[in-house]
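Engineer: Below you will find the structure I want to go over with you.
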Amino acid sequence: MYDNHNRKINYLRVSITDRCNLRCVYCMPKEGVSLLGHKDILSYEELLRIVKLAVQTGIVKVRLTGGEPLVRRGIVDFIATLKQVDGLKDITLTTNGILLDHYAEDLFRAGIRRINVSLDSLDPEKYRSITRIGDLAKVIRGIKKAESVGLSPIKINVVAIKGFNDDEILDFAKLTQEKPYQIRFIEYMPIGDANLENGFQYLSNDTIKEIISDYMLLRPTDGPRGEADGPARLYTLEEAAGKIGFISAMSHHFCDSCNRLRLTADGHLRACLLSDEEVDLKEPIRAGCSDATLEDLIKEAILKKPRGANINCHETQRKKCVRNMSSIGG
């Protein structure tokens, strides 16, 4: 289905929980967030129903997110069920990697073929600092296990932050010379209250490209894009096994090509990450609405999708979302 700005909407990000085993500083305040109760989040049956109807509107790709999706019991069986949905061509998952060593093989057997791992530092102390409680060694073990069971490509998401990990840009880029990973630098975005309490600063991907280019020539690798591809622009270093991607939501807005919806764990359909306008699906579902009514609500969200987000690289002009990233699902 196309929205009112002639964009084909075919990608749904599904947050299956707001709970997480980390407390990343840009994702939630240090005191944490009020967790939804078990009855407040959508059941797997409700999620499955929404996905099936979303596929009928043209969704072909689903990404499972959180919080941390691997902390929700039953996720492997849910993925196996999603794989049976006619018309759904791609199911992926974003994880912080803490539990990946345990789950990688089961995820592969259930039908996951590629994953994204959020990892903002290769230094154990800095990693613990930004996650507040994280153990980098567990993430590294998880990535290695994912590679060993056949998950590919493994995409490593790095939120680039001036004054925190800008001295690790080359360390991440060099990983692609030996490993078939896709290292993706993501510009720091103003989401939720957590951004008000830290001293982090925005770092543009243009600057990151310059840092890497001073080390070695970056060659663009963008060819024909898949119908549900995300916004990353891909490059490679000479004779590298992997790729380097740039997601530049702040410096180079990609709203004109945005193809996604986001379903929050508490059942709200969000058409734009930086817009707080949502369509409630949970209440109608639990009131016994028909599939036709539910499908109309999904179409309503698509048609309400704004042309663009009000974002700006200058700190004083940035718009902040009411929800924290942990409750949106990224």
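The values are calculated or read from the model by the stated rules, or taken from the named source; none is laboratory data. None of these values were measured; they are calculated from a predicted model. Quick reminder, even Gly has a Cβ in these numbers, built from the backbone with ideal geometry, and neighbours come from all protein chains shown.
Engineer: Could you tell me which residue of region 269-314 is nearest to the chain's Cα centre (by Cα), considering only residues that are assigned to a strand (DSSP E or B) and not charged (D, E, K, R)?
Structural biologist: First, pick out the residues of region 269-314 that are assigned to a strand (DSSP E or B): 269-270, 278-280.
If we keep only those that are not charged (D, E, K, R) too, we end up with 269, 279.
Numbers: LEU269: 15, VAL279: 20 Å.
Step by step, filter region 269-314, then rank; the result is LEU269.
Engineer: What residue, of LEU12, LEU35, LEU42, LEU47, is buried (at least 17 other Cβ atoms within 10 Å of the Cβ) and part of a loop (DSSP other than H, G, I, E, B)? First the steps, then the outcome.
Structural biologist: Details: LEU12 fails: part of a loop (DSSP other than H, G, I, E, B); LEU35 fails: buried (at least 17 other Cβ atoms within 10 Å of the Cβ); LEU47 fails: part of a loop (DSSP other than H, G, I, E, B).
Answer to the check: LEU42.
Engineer: Oh, and also: Please state which one of THR264, THR207 is at pLDDT 95 or above, of a type in the set (Val, Ile, Thr) and within 30 Å of LEU36 (Cβ to Cβ). Spell out the reasoning first.
Structural biologist: Details: THR207 fails: within 30 Å of LEU36 (Cβ to Cβ).
Only one candidate passes the filter, namely THR264.
Engineer: Since GLN84 meets every condition but one in (1) in contact with a helix residue (DSSP H, G or I) (Cβ under 7 Å, 6 or more places away or on another chain); (2) of a type in the set (S, T, N, Q); (3) surrounded by fewer than 17 Cβ atoms within 10 Å (Cβ to Cβ), which condition does it not meet?
Structural biologist: (1) is the only condition that GLN84 fails.
Engineer: Can you tell me which of (1) within 23 Å of TYR44 (Cα to Cα); (2) touching a residue at least 60 places away in the same chain (Cβ under 8 Å) is the one LYS155 doesn't meet?
Structural biologist: (1)
Engineer: With the condition being more than 30 Å from ILE211 (Cα to Cα), I'd like the helices (runs of 4 or more DSSP H) fully within region 54-170 carrying at least 3 qualifying residues.
Structural biologist: Values: elements: 75-82, 100-110, 124-131, 136-149.
Helices (runs of 4 or more DSSP H) meeting the threshold: 75-82, 100-110, 136-149.
Engineer: Could you run through region 202-261 and say how many residues are more than 20 Å from ARG63 (Cα to Cα), touching a strand residue (DSSP E or B) at 6+ places or on another chain (Cβ under 8 Å) and of a type in the set (Gly, Ala, Ser)?
Structural biologist: Residues meeting the conditions: 3.
Engineer: Does any residue of region 105-112 turn out to be more than 23 Å from VAL51 (Cβ to Cβ) and either at pLDDT 95 or above or surrounded by fewer than 22 Cβ atoms within 10 Å (Cβ to Cβ) (or both)?
Structural biologist: First, pick out the residues of region 105-112 that are more than 23 Å from VAL51 (Cβ to Cβ): 105.
Cutting the leftovers down to either at pLDDT 95 or above or surrounded by fewer than 22 Cβ atoms within 10 Å (Cβ to Cβ) (or both) gives us 105.
Looking for residues that are more than 23 Å from VAL51 (Cβ to Cβ) and either at pLDDT 95 or above or surrounded by fewer than 22 Cβ atoms within 10 Å (Cβ to Cβ) (or both), one finds at least one in region 105-112, hence yes.
Engineer: What residue, among those in region 219-228 that are in a loop (DSSP other than H, G, I, E, B) and loosely packed, with under 15 Cβ neighbours inside 10 Å, is modelled with the highest pLDDT?
Structural biologist: To start, the set of residues in region 219-228 that are in a loop (DSSP other than H, G, I, E, B) comprises 221-228.
Going one step further and asking which of them are loosely packed, with under 15 Cβ neighbours inside 10 Å, we end up with 221-227.
On the way: THR221: 90, ASP222: 67, GLY223: 66, PRO224: 63, ARG225: 66, GLY226: 71, GLU227: 72.
Out of the qualifying residues, it is THR221.
Engineer: Which one is surrounded by the most Cβ atoms within 10 Å (Cβ to Cβ) among residues in region 69-81 that are β-branched (Val, Ile, Thr) and out of contact with any Phe, Trp or Tyr (no Cβ under 9 Å at 6 or more places or on another chain)?
Structural biologist: Filtering region 69-81 for residues β-branched (Val, Ile, Thr) gives 71, 75-76, 79, 81.
Then drop every residue that is not out of contact with any Phe, Trp or Tyr (no Cβ under 9 Å at 6 or more places or on another chain), which leaves 71, 79.
Values: VAL71: 17, ILE79: 21.
Step by step, filter region 69-81, then rank; the result is ILE79.
Engineer: Can you name the number of the only condition in (1) among the charged types (D, E, K, R); (2) surrounded by fewer than 13 Cβ atoms within 10 Å (Cβ to Cβ); (3) in a loop (DSSP other than H, G, I, E, B); (4) at pLDDT 95 or above that ASP214 fails?
Structural biologist: For ASP214, the exception is condition (3).
Engineer: Looking only at region 158-168, how many residues end up being buried (at least 22 other Cβ atoms within 10 Å of the Cβ) and more than 20 Å from the chain's Cα centre (by Cα)?
Structural biologist: Residues flagged as buried (at least 22 other Cβ atoms within 10 Å of the Cβ) and more than 20 Å from the chain's Cα centre (by Cα) within region 158-168 amount to 1.
Engineer: Tell me which residues, restricted to region 231-268, are part of a loop (DSSP other than H, G, I, E, B), among the small types (Gly, Ala, Ser) and out of contact with any Gly (no Cβ under 9 Å at 6 or more places or on another chain). Working first, answer last.
Structural biologist: Filtering region 231-268 down to residues part of a loop (DSSP other than H, G, I, E, B) leaves 231-232, 238-242, 248-254, 258-259, 264-267.
If we keep only those that are among the small types (Gly, Ala, Ser) too, we end up with 232, 240-242, 248-249, 251, 265, 267.
Matches in region 231-268: ALA240, ALA241, GLY242, SER248, ALA249, SER251, GLY267.
Engineer: A further question on this structure: Using the structure shown, decide if GLU105 is of a type in the set (Asp, Glu) and over 22 Å from GLU147 (Cβ atoms). Full working, then the answer.
Structural biologist: Numbers: of a type in the set (Asp, Glu): yes; over 22 Å from GLU147 (Cβ atoms): no.
Judged against the criteria, GLU105 is not a match.
Engineer: Residues being in contact with a Ser or Thr (Cβ under 6 Å, 6 or more places away or on another chain), of a type outside the set (Lys, Arg) and within 26 Å of ILE302 (Cα to Cα): count how many of those fall in region 58-83. Don't jump to the end; show me each part of the working.
Structural biologist: To start, the set of residues in region 58-83 that are in contact with a Ser or Thr (Cβ under 6 Å, 6 or more places away or on another chain) comprises 63, 65-67, 70, 72.
Now drop any that are not of a type outside the set (Lys, Arg), which leaves 65-67, 70.
Filter again for within 26 Å of ILE302 (Cα to Cα), leaving 65-67.
Of the residues in that region, 3 qualify.
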